[in-house]
Structure formats: C-alpha cells, structure tokens
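Novice: There's a structure below that I have some questions on.
What follows is calculated from the coordinates using simple rules that are stated; it is not laboratory data. These numbers come from a predicted model, not from an experiment. In this analysis, Cβ positions are derived from the backbone assuming ideal geometry, glycine residues included, and neighbour counts consider all displayed protein chains.
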Amino acid sequence: MTDLPTDLTRATASALADALAAGTVSSVEVTQAHLDRIAAVDGQVHSYLHVDTEGAIAQAREVDERRRAGESLGALAGVPIAVKDVMTTKGVPTTCGSKMLEGWIPPYDATVVTKLREAGLPILGKTNMDEFAMGSSTEHSAYGPSRNPWDLERIPGGSGGGSSSVLASFQAPLATGTDTGGSIRQPAAVTATVGTKPTYGGVSRYGLVALASSLDQAGPCGRTVLDTALLHAVMGGHDPMDSTSIDAPVPPVVEAARAADVKGMRIGVVKELGGEGYQPGVRARFDESVALLQELGAEVVEVSCPNFEYALAAYYLILPSEASSNLAKFDAMRYGLRVLPEGVDDPSAEQVMAATRDAGFGPEVKRRIILGTYALSSGYYDAYYGSAQKVRALIAQDFDNAYGRVDVLVSPTAPTTAFKLGDKLEDPMAMYLNDIATIPANLAGVPGMSIPSGLADEDGLPAGIQILAPATKDERLYSVGAALEAALVDRWGGPILDRAPALGDAAAVKGA
Ligand code: GLN
C-alpha cells in the first residue's frame, strides 16, 4: 500500500480508499481536509455553487461508525465527492446553474446520488456549470464562471467546469459529471483530469435535470483512470426508474483499469478528427500518445468516419429540439422562480410564465429554446429535425463500420487548450466548435473518455486525448486509458497535473 501524502487532498481516491479500509485515516479527517481546502482556494476558483459542510461531515461520521462496527463497505466508502449541480440532492439546493432554480431544494435524490450515499461517499457540495448544461466554459452559469486552476484567467471547460476545476485544484478527489455533447470530456481535457462518458443508458438519468434526453449521460470524473473506474462502478448499473437504463451489470471497468493492457488491441485514429482547426500542440501530444500506444503493443490504423463532418450541425438541431421541450416545464408554476410582469394589474398565467422565463433564463438557453421550437415547428420538422435524425443514423453507421475493423478509436478530445474567459462568449459558433470531437459519441450512444496527453508547446497548458469504444464495451476505455496514462507518467516524470501551479500560493498563479 502506498503511503498517503501529508496533505490528504493530494491523495488519489484509490489511495484514500486503501487507507480508510486499513483504518490509518478516518473519513471525517479526509472530509475535513477537503473542506479546509475549499475554504482556502474556492474563493479564487469558484468551483462550488454550494458547500454542504454539515452534511458532508455527518455522512463521514456515519461511514466511520459503520466501519468501526465491522460492516462490510464499498470500495470508495468514506472518500468524499463533489456532485454536479444538474443532479438533484434531497434537502440540498440544486440550481443547474440557472436563476430559474435559485432556492429550489429538491425533495428527492437522483439515483446516482442515492448510489453515492449508499456507497458511503460524503457529498462535499454542488459544482458549478453552464446554465442547464449548455456551454463549454461555465461562462453561461448564472452564478459566474469557474476558473481553470492552471491559469485563473482561463476557462475550465464546460458545462462541467465546476467538477473539472474541483479536481484540478484538489478540492475533491472525485466528482460527478454529465455529458450531452462533451461536458465531461472537454473539461477534463483542459484541466489535465480524467472523465468518462459511459455508454448511453449505462448510468441512470433519473433525477438529472434533463437537457437532451436522447444524448444526456451521467459519468465519473477523477484525477486518475483507476479512480474514475472506481467511481464508474459505483455510479453505474440498471435503474428501473430510467426507461433507457441498460439492464446489465456494469462493465468490468475496475479490472480493466488495473490490468492496463493494450497488447494486441487494434486502435483506430479517426481521420476526420484532428486536422484543420486543431492547435498544433494539441495535435503533437496526440501523435505522441498514439506512438506510445504502439510501443505498448497496440496495432494502430487510420479509420475514416466521413459523416462525422456533419455531427455538430445535426447536434445543434437535435439538442435544441429536445431542450426546448424539456425546459417547457419551467413555467413559474412548478419550480423555483416566479416573476410578475411589471405594470400589469391582474396578470394571466401566460403573462406570468413569459415574465418568469424572460427573467429566469440566460441568453444561451433562450437561443436554444428558439432554435429548438423553430426546428420542431410543423412546416420545418422534416427539413431540420428529420434530416438531423438521418445524419445521426449515418454517424452511428460510421462507428459500426469502424468497430468492424478496430477495438477502440482515438482523437484529440478538444481542438484547443483552455481559452481565455470572455474570448468566445459573444460568438456561439466558436463556443460550439469546442465539442467537434466529442459530439459524435453522444449521437451514437457509445462510451468515451478523456485523459491528459501532456502540455501543448505553445502555451504550456494541458491537452487531452479521447478514447472511444463500442456501446457497452466501456472497459476498453479503461484498459487503454490506464496503459497510456502509465506511459505518459513515465514520459513526463509524473502526473501531468503535478505541473499545474500551486493554488493558495498566489504568486505562482497567473491571474490570482
Ligand atoms: N458544450 C456542449 C453544449 O453546449 C455540450 C454540453 C453538454 O455536454 N452538456 O451543448
């Protein structure tokens, strides 16, 4: 067993789990160390929308007692976690990054949250996100952006930038995310952390505030591939409360992460992902990673997925269509905000609804509701939504053809390293392009993972490599991810995240 670092917040989840099981540290100690860290640095990073100090300590105390009583506990029992604010938490505020849900206290837990509680993971708090998970930077959060611990003037990715920055600033050893078009993988890439979007249906969607139901997928975020696998195993599995949940055991992700073996695997480099528009440093780290995989005994071939070119266009018809329908429930009657129209004496329900939606939704959400209702309107349904669904089928076919030849596919996760806050805020198209490489997996429902690939030469900021596998074969992500991670740790002389400036030491951090 590896010794724990003196600063418990620097330990991996798996090392903490071992120490907790061995009784060398208590969950209260580990949880308190993270709460102290949050108090010291979250003023700079703004990863959390809500910190549940009392709740976390109470859960930690309970798991310590269960352990003392000799109960057999799950692998991650006692390891604290941060939960993305898209997931309902009973008795704990859930805003989804929107003014619309300000002050809403859900009466129930999402299934994922229930699973975390049952497995004994104290919940530290709720992480920041773009409003209703629409965005790639957290700048669309109604509560202000999170910052990238590598450079506080830069974005931590989105929509799950709260969860990625929590990990990269050591404010939690684990976090949850949701990925509708890349919101777990792109934030992981720009912060040098790890994130997995499981196979569609692999993790329950019950209790997630829905963005686009046919694309949404909850998944695990961690600092190492093994940590992420351990969390995947806790979060995943069949849920009768979600009609699209897969009725099968969680794939053997932990075993695969421990085996970390790629010998004899066939790996396809997606020709359409990684060319024009990709930063040279991102591309260089990707090519290097592919070479490492080859050295580890994998066979690498180039694979063409010609319809991926249309993925972004199809996504921005399908997602707004589904979102416009899902967000119709925010009607001033059922949840959260209610605004009365100004200067109207006896307002109708419709007027209250309009005033509330005008005040409660931010500009990106409004943009997508307008796009979606337009794409679904009777005269245009076939031309827009219908065509997009056909493109979606072609993309799934591209994956099927590719997986006839290779076991996994790889590409850079995002085209660039973290950009500066404000740089893309006024240009929706530039913002959307961040997900060009991650969106195909959501359209086809296949699993994907991002792990750090190194530092880009131009700016010294981290880049990510994406691994994609066939549906239900999530374990392959972990075999490849863990093998490559070990090779990259050798190549860089340690985890890439260790090169991030030390937060708390203001002089070392740009923008502090
Ligand atoms: N950035 C993408 C979007 O804005 C993906 C969002 C997500 O995965 N939740 O739609």
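Novice: Of THR228, LEU425, LEU76, which is farthest along the charge dipole of the chain in the positive direction, counting Lys and Arg as +1 and Asp and Glu as -1 at C-beta?
Specialist: Projecting each Cα onto the dipole axis, the largest value belongs to LEU76.
Novice: Of LYS84/LYS271; LYS115/LYS473; LYS84/LYS390; LYS197/LYS271; LYS420/LYS473, which ones are farther than 26 Å apart at the Cα?
Specialist: LYS84/LYS271; LYS84/LYS390; LYS420/LYS473
Novice: Can you give me the Cα centroid spacing of the stretch 151-180 and the stretch 279-330 in angstrom?
Specialist: Going from one Cα centre to the other spans 20 Å.
Novice: Can you order the peptides 132-139, 331-338, 439-446 by their average number of other Cβ atoms within 10 Å per residue, highest first?
Specialist: For the peptides 132-139, 331-338, 439-446, the packing ranking is 132-139, 439-446, 331-338.
Novice: Let me ask something else. When the convex hull of the C-alpha atoms of the stretch 324-479 is computed, what volume per residue in Å³ does it have?
Specialist: In the stretch 324-479, the Cα hull volume divided by residue count equals 177 Å³.
Novice: Using the beta-carbon distance between THR53 and THR6 and R0 = 22 Å, what value does 1/(1 + (r/R0)^6) give for FRET efficiency, to the nearest 0.05?
Specialist: Values: r = 23 Å, r/R0 = 1.03.
My answer for the efficiency is 0.45.
Novice: Further, regarding this structure: From the alpha carbon gyration tensor of the chain, can you work out the equivalent ellipsoid semi-axes (sqrt of 5 times each eigenvalue) and give them in Å, largest to smallest? Provide the component values of the computation, followed by the final result.
Specialist: Values: eigenvalues 204, 170, 94 Å².
Whole-Å semi-axes of the equivalent ellipsoid: 32, 29, 22.
Novice: Given 0.36 nm per residue, what is the gain on full extension from SER72 to ALA259 after removing their alpha carbon distance, in nm? It would help to have the intermediate numbers written out before the result.
Specialist: Numbers: separation 187, 0.36 × 187 = 67.32 nm, distance 2.51 nm.
Gain in length upon complete extension: 64.8 nm.
Novice: Sorted by packing (mean other beta-carbon atoms within 10 Å per residue), highest first, where do 98-106, 347-355, 249-257 land?
Specialist: By packing density, highest mean first, the sequence is 249-257, 98-106, 347-355.
Novice: What number, in percent, do you get for the relative contact order of the chain if the mean sequence gap of Cα pairs under 8 Å and at least 6 apart is divided by its residue count? Before the final figure, lay out each step's value.
Specialist: Details: 1252 pairs, mean separation 88.7, N = 512.
Once divided by the residue count of the chain, the mean separation gives 17 percent.
Novice: Which of the peptides 181-189, 55-63, 494-502 is most tightly packed, and how do the rest follow, judged by the mean count of other Cβ atoms within 10 Å per residue?
Specialist: Descending packing order for the listed peptides: 181-189, 55-63, 494-502.
Novice: What FRET efficiency comes out for ARG266 versus GLU458 if R0 is 35 angstrom and r is the Cβ-Cβ distance? Round to the nearest 0.05.
Specialist: Calculated transfer efficiency: 0.65.
Novice: Just the number, please: percent antiparallel of the DSSP beta bridges in the chain, rounded to the nearest 5. Kindly include the intermediate steps, with their values, before the conclusion.
Specialist: Values: 29 of 42 bridges.
If I count the DSSP bridges inside the chain, around 70 percent turn out antiparallel.
Novice: Using a 7 Å offset from the Cα along the Cα-to-Cβ direction at both ALA502 and ASP345, what is the distance between the two label points in nm, to one decimal?
Specialist: 6.9
Novice: Next question. So what are the ³J(HN,Hα) numbers for the stretch 364-376, from phi and the Karplus equation (6.51, -1.76, 1.60; θ = phi - 60°), rounded to whole Hz, Gly and Pro as x?
Specialist: Residue by residue, the stretch 364-376 yields 5, 5, 4, 4, 6, 5, 5, 4, x, 5, 5, 5, 8 Hz.
Novice: Now for a different question. Taking the stretch 151-228 as the region of interest, what is the percent of Cα-Cα pairs per 10 angstrom bin, listed from the shortest bin to the one with the maximum distance?
Specialist: Distribution as computed: 22, 52, 23, 2 percent.
Novice: Across all directions of projection, what mean area in square nanometres is found for the Cα convex hull of the stretch 244-339?
Specialist: Details: hull surface 46.4 nm².
For the stretch 244-339, averaging the hull's shadow over all directions gives 11.6 nm².
Novice: Quick check on the exposure proxy: order HIS46, HIS238, HIS232, HIS140 from fewest to most C-beta atoms within 10 angstrom.
Specialist: Working: HIS46 21, HIS238 15, HIS232 27, HIS140 24.
Placing the least packed residue first, the sequence is HIS238, HIS46, HIS140, HIS232.
Novice: Find the eigenvalues of the gyration tensor of the Cα atoms of the stretch 405-476, then list the square roots of 5 times those eigenvalues as equivalent ellipsoid semi-axes, largest first, in whole angstrom. Don't jump to the answer; show the numbers that get you there.
Specialist: Working: eigenvalues 131, 53, 12 Å².
Semi-axis lengths for the stretch 405-476 are 26, 16, 8 Å.
Novice: Starting with the fewest neighbours, write out THR176, THR224, THR114 ranked by other beta-carbon atoms found within 10 Å of each beta-carbon.
Specialist: Starting with the residue having the fewest Cβ neighbours, the order is THR114, THR224, THR176.
Novice: Taking only DSSP H segments of four or more residues, each worth -39500 (n - 2.57), what value at 222 nm results for the chain once the sum is divided by all its residues, to the nearest 500 deg cm²/dmol?
Specialist: -11500 deg cm²/dmol
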